[in-house]
């Protein structure tokens with residue numbers, strides 16, 4: 001296995017470690033001067049002792065200055081990394097909005113819902129799901145968490161929580177991926193090629209291995225019961241590409257029911 005990518009906190013700590021050796025040096029100098037001053041006082045050389053005590057104050061001041069400088073540099077690095085990550089997420093989010101319907105949550109950029117259609121030529125064709133996406137602090141070195149908000153029958157998706165198997169995500173994830181990759185490649189591939197060997201939903205995994213025809217029938221039953229398009233999108237969104245305009249009355253009604261602010265965009 002390769003060496004894991006460093007998280008933002010790891011980078012932050014490494015920056016501190018680079019500058020930390022200066023501070024112990026100052027502390028050692030302070031302790032040395034203080035010890036020499038006390039010895040001089042005990043030996044009766046008060047003039048030398050006073051000079052060494054004044055030197056101690058100077059060294060202590062220099063040590064404090066070094067600590068303040070180090071903290072400022074570390075804080076500046078931290079703010080730069082955080083700002084860079086936010087810009088990256090916003091950029092990917094805007095790209096995603098050009099092809100998918102996105103619903104923000106409390107105007108946050110690191111957490112939102114995306115409307116996802118089941119891939120064609122699969123038993124999930126015709127199903128529509130809301131996918132909850134949340135970015136970890138270590139993104140893009142770690143993948144976003146992905147959770148189906150309405151039920152789906154799939155070996156690698158927990159039936160109750162909607163969480164996608166972490167092993168499946170981590171094995172496929174790369175810092176070079178963006179949100180469009182997740183919804184145009186990763187999720188379609190997950191539904192097209194389930195892995196029943198390591199299931200989160202043991203019933204789905206067992207049924208797929210023992211009786212694939214019954215498994216596909218169960219998938220379609222779940223799509224019909226829990227993933228109907230009209231229940232997820234409402235009557236204002238149709239099949240095909242192109243932008244859909246929503247009337248003010250419909251928009252107001254939708255706002256009262258949604259948990260976030262829905263941004264209707266083209267559906268691929």
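What distance in nm separates the two pseudo spin-label positions at residue 177 and residue 231, each 7 Å out from Cα along the beta-carbon direction?
In this crude spin-label approximation the distance works out to 2.8 nm.
When all C-alpha to C-alpha distances in segment 111-168 are sorted into bins of 10 Å, what percent of pairs does each bin hold, rounded to whole numbers?
Result returned by the calculation: 23, 51, 23, 3.
Say each of residue 158 and residue 216 gets a label point 7 Å from the Cα, pointing the same way as Cα to Cβ; how far apart are those two points in nm?
3.0 nm
Rule-based calculations on the coordinates, nothing more; no lab input. Note that the structure is a prediction, hence the values are computed from the model and not measured. No Cβ is skipped: glycine too gets one built from the backbone with ideal geometry, and neighbour counts run over all protein chains shown.
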